Structures are given as structure tokens and as C-alpha cells.
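Have a look at the structure below, then the notes.
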Amino acid sequence: MKIEKTVNILNRRARFEYEILEEYEAGMVLTGTEIKSLRSSKASIAESFCQFIDGELYIINMMIDEYKLGTFYNHKTKRERKLLLHKKELQKLEKKLKDAGNTIIPLKLYINDKGKAKVLIALGRGKKLFDKRESIKDRENKRNLDRILKKS
């Protein structure tokens, strides 16, 4: 089992599905086997989202695989994990979440320089179908432009 120094787990669909309004960096409350499994990049945030429960922000549906060497102390793979933010940030997010169409989604899960697990969360608004088509057109145009520049 290899433990990597840098762990970057991305939610690639998030920027395609949502228009990002604001980004925040949040810490997480994890158990021992969860952080060990996270350091070996055994996690997924593809289907996860954030929700307020009793005034506290939780990440829901995030999957962290069980630690192979963990015995009966192992954790549940999908459980609600508390996110750590400043009180003013939480109040600001909760206020903006009440607007119609806004949601909080995780963009990136990583371990910082100090060895702490962090989640980059974003306040986003769901894109309509025509917005998604426009994103695809922009991406294809950029790709074609890069090809032309590379050939010349």
C-alpha cells in the first residue's frame, strides 16, 4: 500500500454541471482510518454535496474506502462528515443557500502542507442545458485554437 505525499481528488463534473459563484476552503472531521485511507487516495467526491444540519455544514455522500489494515475500528464508507469553517463563513453560506437554485458542492479534496485534510467547496447554481452547450463550444474552440497555434 503506497501512501502519496500529495493527494488531489477532483470532482470533474462540478464545473460542467454548476456555475461557480464563490469558493471556500474547509477542514473535515475524520477518524483515524479515514485519514489513512484518504492518504492512499481511496476516496471519491463525484456524487457528494453539502448540507446544513442544525446550523453546521456536513458533506454528504462522500465515499472513503475502508482502510485495508483497519480491524473492527474501521469506518463506514459513506457517512456524513462535518466540515469546519469560520462562523461568519457558515452564516454567509447559509444565507446565500436560501436563494433559489443555489447549492454547495465539493470541488477538490486534498491534503495541505501541514498534513490536514481539506475540501475546496463552492457555492454554485445549476446550469441550464444551453449553458452546458456553450461550455462545450468554448472548450472545443479553445482546443482548435491550441491545435492551430501548435502547428504553426
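Among the conditions (1) of a type in the set (S, T, N, Q); (2) surrounded by fewer than 14 Cβ atoms within 10 Å (Cβ to Cβ); (3) closer than 17 Å to ILE121 by Cβ, the only one that GLN51 does not satisfy is (2).
On inspection, ALA43 passes the criterion of being small (Gly, Ala, Ser) and within 16 Å of LYS116 (Cα to Cα).
Residues in the range 120-152 that are of a type in the set (D, E, K, R) and open to solvent by less than 60 Å² (accessible area, probe 1.4 Å): LYS127, ASP131, LYS132. Looking across the range 1-23 at every residue that is crowded, with 16+ Cβ neighbours inside 10 Å and more than 26 Å from GLU134 (Cβ to Cβ), the one that is farthest from the chain's Cα centre (by Cα) is identified as VAL7.
For the range 104-114, the set of residues classified as more than 12 Å from GLU23 (Cα to Cα) and in contact (Cβ under 8 Å) with a residue 60 or more places away in the chain consists of LEU109, TYR110, ILE111, listed by residue number.
For the range 97-136, a residue qualifies if it is among the basic types (Lys, Arg) and either outside any helix (DSSP H, G or I) or at pLDDT 90 or above (or both), and the qualifying residues are LYS98, LYS108, LYS114, LYS116, LYS118, ARG125, LYS127, LYS128. Figure legend. Inter-residue proximity from the range 131-152: first residues closer than 14 Å to ARG15 by Cβ, second residues at pLDDT 90 or above and surrounded by 10 or more Cβ atoms within 10 Å (Cβ to Cβ), beta-carbon distance below 8 Å, spacing 6+ or different chains. No pairs are indicated.
The values are calculated or read from the model by the stated rules, or taken from the named source; none is laboratory data. None of these values were measured; they are calculated from a predicted model. All Cβ positions, even for glycine, are placed from backbone atoms using ideal geometry, and neighbour counts span all protein chains on display. Surface areas here come from the heavy atoms of the whole protein model, side chains and all, with no ligands, DNA or RNA. Shrake-Rupley method; radii C 1.70, N 1.55, O 1.52, S 1.80 Å.
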